[in-house]
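Encoded as structure tokens, the structure appears first; notes follow it.
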Amino acid sequence: MPDIRHSISIDAPAAQILPLISSGSGLAQWWAEDVTENRSTGTVELGFFNRATVYALKPLPSAAGEVAWLCQSGREWKGTKLLFQLTPTDKGTLVKLTHSGWQSETDYFVACKTTWGELILRLKAAAEGKSPGPLFSNIGMAYLAVDQPPRVR
């Protein structure tokens, strides 16, 4: 099974990054504008393209310095896991992201790998106080619609 992996150094302590990766309100600052959160279960839904695509993320138990999510929906995302590992460094925090458990390396997988590259940069900017806003707003990023690879015209 292929995995998507990224790492980035962030000039901020882990305590500043954790809320951005462990809650719906945090994810809304850099990932998706359309976020709902069930506070009793911790489950977060990220809506894309007027909710044509919804990724439901269930928090998983994780070690200190880690945040893990199980993807509960999405044609190719369902059953995959997101793991953020935070390691303190002299200048801040090294963040490693693994999106694991993909069934195969499809065109959509490749598109998601590219998108995660942009998302990790937005996470960095948000953690460093630059407020980039979410990559997926209600009007932007329509090229990755509904679990399909982008179309070349």
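The values are calculated or read from the model by the stated rules, or taken from the named source; none is laboratory data. These figures come from a predicted structure and were not determined experimentally. FYI the Cβ positions are ideal-geometry reconstructions off the backbone, even for glycines, and counts take in every protein chain you see.
Summary of computed values
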| quantity | calculated |
| --- | --- |
| Residues being assigned to a helix (DSSP H, G or I), touching a helix residue (DSSP H, G or I) at 6+ places or on another chain (Cβ under 7 Å) and of a type outside the set (S, T, N, Q) - total across the stretch 81-127 | 5 |
| Residue pairs meeting the criteria (Cβ under 7 Å; at least 6 apart or on separate chains; first at positive phi and of a type outside the set (Lys, Arg), in the stretch 59-82; second part of a loop (DSSP other than H, G, I, E, B) and surrounded by 14 or more Cβ atoms within 10 Å (Cβ to Cβ)) | Gly79/Gly101 |
| Answer residue from the stretch 33-59, given it is part of a loop (DSSP other than H, G, I, E, B) and either acidic (Asp, Glu) or in contact with a Phe, Trp or Tyr (Cβ under 9 Å, 6 or more places away or on another chain) (or both) and is modelled with the lowest pLDDT among those | Phe49 |
| Residue that is at pLDDT below 95 and surrounded by 13 or more Cβ atoms within 10 Å (Cβ to Cβ), where the choices are Gln85, Gln148, Gln72 | Gln148 |
| So Ala15, is it closer than 20 Å to Gly117 by Cα and either aliphatic (A, V, I, L, M) or part of a strand (DSSP E or B) (or both) | no |
| Some residue of the stretch 37-56 being buried (at least 16 other Cβ atoms within 10 Å of the Cβ), under 25 Å from Asp107 (Cα atoms), under 11 Å from the mean Cα position of the chain (by Cα) and not aliphatic (A, V, I, L, M) | yes |
| Those residues of the stretch 74-113 which are of a type outside the set (D, E, K, R) and more than 29 Å from Phe49 (Cβ to Cβ), in sequence order | Gln85, Leu86, Thr87, Pro88, Thr89, Gly92, Thr93, Leu94 |
| Unmet criterion (only one of (1) out of contact with any Cys (no Cβ under 8 Å at 6 or more places or on another chain); (2) outside any strand (DSSP E or B); (3) within 18 Å of Ser100 (Cβ to Cβ)) for Lys78 | (1) |
| Residues of the stretch 88-108 classified as more than 13 Å from the chain's Cα centre (by Cα) and either acidic (Asp, Glu) or crowded, with 18+ Cβ neighbours inside 10 Å (or both), total | 7 |
